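Asks: After the structure tokens below, expect a handful of questions from me.
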Amino acid sequence: KNEVEQSPQNLTAQEGEFITINCSYSVGISALHWLQQHPGGGIVSLFMLSSGKKKHGRLIATINIQEKHSSLHITASHPRDSAVYICAVLAGSARQLTFGSGTQLTVLP
Amino acid sequence: GAGVSQSPRYKVAKRGQDVALRCDPISGHVSLFWYQQALGQGPEFLTYFQNEAQLDKSGLPSDRFFAERPEGSVSTLKIQRTQQEDSAVYLCASTLGASGGSEQFFGPGTRLTVL
């Protein structure tokens, strides 16, 4: 069974700090997603990656396939970044995502 | 519409009632997924449709849960004889392609509370 572990579960930062959220998984995957969920439930896809690194604005996602590990970085964090960040993987030939339990990020002004 | 929509957004049911949750995927999207998200947890897979065919229902927790997508667009998740443990947010997602590698677009979810 594929397990997806995220750390930390909760993270509080001051505005402007550099933030890292980690994700580890236990089986081979074809893709990894980083998702953002705001209060009220809506989920937005931030990145989908299968190798290397992607950058969008202040967000950077990296993945190391050999180590089965991915990180999401937020540079110059802002209170509007406060949300739950969820890592999800597509294992092998599966069509559905397997999700981590999420990291609750709070950025204080 | 521009995105995936779900209705109702909130549903309160008494234990034992039947409920029906609706998902309108993005027009033309082939694949549709239902996920269940308990409070403080990540979503968990319930079932998957490719067009009108339900190809995987391995995540449905019991035979009280039933999903359909008769015309390959709108989908309905039905829960019969609701129990308190059914309380959760039910998320629908759709993708353009049939393979799992496409970006999934999520609806806002339906928050079900069973009293």
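Computed from the coordinates by the stated procedures, all read-outs in this text should not be read as laboratory data. Computed from a predicted structure; not experimentally measured. Cβ placement follows ideal geometry from the backbone for every residue including glycine, while neighbour counts extend to all protein chains displayed.
Asks: Considering only A:Pro39, A:Thr106, A:Gln96, whose Cα is most displaced toward the positive end of the charge dipole of chain A, charges sitting on Cβ of Lys, Arg (+1) and Asp, Glu (-1)?
Replies: Ranked along the dipole, the leading option is A:Gln96.
Asks: How far apart, in nm, are the 7 Å Cα→Cβ label points at B:Ser58 and A:His38?
Replies: Using points 7 Å along Cα→Cβ, the separation is 3.5 nm.
Asks: What list of ³J(HN,Hα) couplings, whole Hz, do you get for the range A:100-109 from phi and the Karplus terms 6.51, -1.76, 1.60, once you set θ to phi - 60° and write x for glycine and proline?
Replies: x, 8, x, 10, 7, 9, 10, 10, 8, x
Asks: Taking amide H positions as placed 1.01 Å from N in the peptide plane, with prolines and chain starts having none, which residues 5 or more places from A:Ser26, or on another chain, fall under 5 Å of its amide H?
Replies: Amide H to amide H, under 5 Å and 5 or more residues apart or across chains, A:Ser26 pairs with A:Glu3.
Asks: Over the range B:1-114, what relative contact order in percent results from Cα pairs under 8 Å that are six or more residues apart?
Replies: Taking the mean separation of contacting Cα pairs over the length of the range B:1-114, I get 36 percent.
Asks: Run down the aspartates and glutamates and flag those whose C-alpha is under 12 Å from the C-alpha of B:Lys78, throwing out any fewer than 8 positions away in its chain.
Replies: Straight-distance partners of B:Lys78: B:Asp18, B:Asp63, B:Glu68, B:Asp86.
Asks: If you take the alpha carbon radius of gyration of the protein assembly as shown and divide it by 2.2 N^0.38 Å, what ratio comes out, to two decimals?
Replies: 1.01
Asks: Could you grab the relative contact order for chain A? Cα pairs under 8 Å, six or more apart, rounded to a whole percent. Provide the component values of the computation, followed by the final result.
Replies: Numbers: 277 pairs, mean separation 40.8, N = 109.
Relative CO of chain A lands at 37 percent.
Asks: Give the average, rounded to an integer, of partner chain Cβ atoms located within 10 angstrom of each Cβ in B:27-40.
Replies: Numbers: counts 0, 0, 0, 0, 2, 0, 3, 1, 5, 0, 6, 1, 0, 5.
Per residue, the number of nearby Cβ atoms from other chains is 2 on average.
Asks: To continue, here is another question. What are the lysines whose alpha-carbon lies under 25 Å from the alpha-carbon of A:Lys53, with same-chain residues fewer than 8 places away excluded?
Replies: Counting by Cα, and skipping residues close in sequence, A:Lys53 has these lysines nearby: A:Lys68.
Asks: What FRET efficiency do you get for A:Ser24 and B:Arg15 if R0 is 35 Å and r is their Cβ-Cβ distance, rounded to the nearest 0.05?
Replies: Working from the Cβ atoms, E equals 0.35.
Asks: Let me know the Rg and Dmax you get for the range A:35-109 when you use only its Cα atoms, in Å.
Replies: Cα-based Rg and Dmax for the range A:35-109 come out at 13.0, 43 Å.
Asks: Now for a separate question. About the Cα centre of chain A, how large is the charge dipole given +1 on each Lys and Arg Cβ and -1 on each Asp and Glu Cβ? Please answer in debye to the nearest 20.
Replies: Magnitude of the dipole: close to 340 debye.
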